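Down below is the structure, laid out as structure tokens.
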């Protein structure tokens, strides 16, 4: 019977999941050459090729794909059970990786951690800012934060923020030279600041609701395109065009008079930020504390 070090399997799973020796080596904290040597040794002992390497990417072979989907979940279960042993400790403990947009990290995660971590010194959290719809299982995250409507149905979703509305706003200087739009269709005559969606690279079509509650999408045009909400806000403040973002990101600027809100009657509420994680995830005391610290109250 072939005897394989569990660390070698862990190394293979990381490469197979991220499809990159460079990224896997960084996550595992080893050199790329050492990781390649480990994978070659594993393939030699098993007598099959597990990965196909090219200059641009890494893919699993049929044998590698089978190993990924058979052994991967079992090692995840072992990790979860080992983490559950923290229940026997005097103090909750654990290391967690979270993914969120920059705004969600700043407004939900950081305030929660400011309350939680001083009381529980054995809980450690890594936060990765990412605007895509991250597959937290494949990318080895414990949980993520996204808008409620974008969370996959096989995930447990916990509300961590109130309902939101999209908001269209521009600086007073911008509207000093142009009439304010009265309907979404009139946006086509304006310089609008577009958002490049990280999930598939397309430009976001601005979403509104008409008087009968029917969804209306408007593809706007303008001189600027960003994939960051903060950059869109900065451009709007400088009078470069109309921004279209969740009201939680723009309301403070409207309240101070730095931005002017338009088309308010055309934006319906939608589910705000939710913390999501796999339904099969082991609920350790430390993870439960993390969830409760971020849960929306009231």
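The values are calculated or read from the model by the stated rules, or taken from the named source; none is laboratory data. The structure displayed is predicted, hence computed values, not measured ones. Quick reminder, even Gly has a Cβ in these numbers, built from the backbone with ideal geometry, and neighbours come from all protein chains shown.
Numbers at a glance
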| item | result |
| --- | --- |
| Sole residue being outside the structural domain of residue 280 (by TED's automatic domain parsing), touching a strand residue (DSSP E or B) at 6+ places or on another chain (Cβ under 8 Å) and free of Cβ contacts under 8 Å to residues at least 24 places away in the same chain, chosen from 61, 44, 54 | 61 |
| Among residues of segment 41-63, those that are modelled with pLDDT under 85 and in a strand (DSSP E or B), counted | 1 |
| Residues that are surrounded by 14 or more Cβ atoms within 10 Å (Cβ to Cβ) and under 30 Å from the mean Cα position of the chain (by Cα), drawn from segment 42-64 | 50, 51, 58, 60, 61, 64 |
| Counted residues, segment 175-205 - those being surrounded by 13 or more Cβ atoms within 10 Å (Cβ to Cβ) and either farther than 19 Å from residue 236 by Cβ or not assigned by TED's automatic domain parsing to the domain that holds residue 230 (or both) | 2 |
| Some residue of segment 162-174 being surrounded by 13 or more Cβ atoms within 10 Å (Cβ to Cβ), in the same structural domain as residue 231 (by TED's automatic domain parsing) and either assigned to a helix (DSSP H, G or I) or free of Cβ contacts under 8 Å to residues at least 40 places away in the same chain (or both) | yes |
| Residue match in segment 129-149 (condition: assigned to a helix (DSSP H, G or I), modelled with pLDDT under 90 and assigned by TED's automatic domain parsing to the domain that holds residue 289) | yes |
| Exclusive hit being outside any strand (DSSP E or B), within 26 Å of the chain's Cα centre (by Cα), surrounded by 13 or more Cβ atoms within 10 Å (Cβ to Cβ) and at pLDDT below 95, set 112, 83 | 83 |
| Matching residues in segment 232-241 - criterion: being within 25 Å of the chain's Cα centre (by Cα) and either exposed (fewer than 15 other Cβ atoms within 10 Å of the Cβ) or in contact (Cβ under 8 Å) with a residue 60 or more places away in the chain (or both) | 234, 236 |
| Flag for residue 217 being at pLDDT below 95 and not in a strand (DSSP E or B) | no |
| Filter result for residue 208 (surrounded by fewer than 18 Cβ atoms within 10 Å (Cβ to Cβ) and in contact with a strand residue (DSSP E or B) (Cβ under 8 Å, 6 or more places away or on another chain)) | no |
| For residue 290: the one exception among (1) assigned by TED's automatic domain parsing to the domain that holds residue 109; (2) surrounded by fewer than 20 Cβ atoms within 10 Å (Cβ to Cβ) | (2) |
| Members of segment 235-283 found to be part of a loop (DSSP other than H, G, I, E, B), at pLDDT below 95 and out of contact with any helix residue (DSSP H, G or I) (no Cβ under 6 Å at 6 or more places or on another chain), listed by number | 267, 268, 269, 272, 279, 280, 281, 283 |
| Segment 6-28 - residue that is without any contact (Cβ under 8 Å) to a residue 40 or more places away in the chain and touching a strand residue (DSSP E or B) at 6+ places or on another chain (Cβ under 8 Å) and, of those, surrounded by the most Cβ atoms within 10 Å (Cβ to Cβ) | 21 |
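Here's the yes/no breakdown for (1) modelled with pLDDT of 85 or more; (2) more than 23 Å from residue 135 (Cα to Cα); (3) touching a strand residue (DSSP E or B) at 6+ places or on another chain (Cβ under 8 Å); (4) assigned to a loop (DSSP other than H, G, I, E, B):
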position: 30; (1), (2), (3), (4): yes, yes, no, yes
position: 36; (1), (2), (3), (4): yes, yes, no, no
position: 39; (1), (2), (3), (4): yes, yes, yes, no
position: 65; (1), (2), (3), (4): yes, no, no, no
position: 68; (1), (2), (3), (4): no, no, yes, no
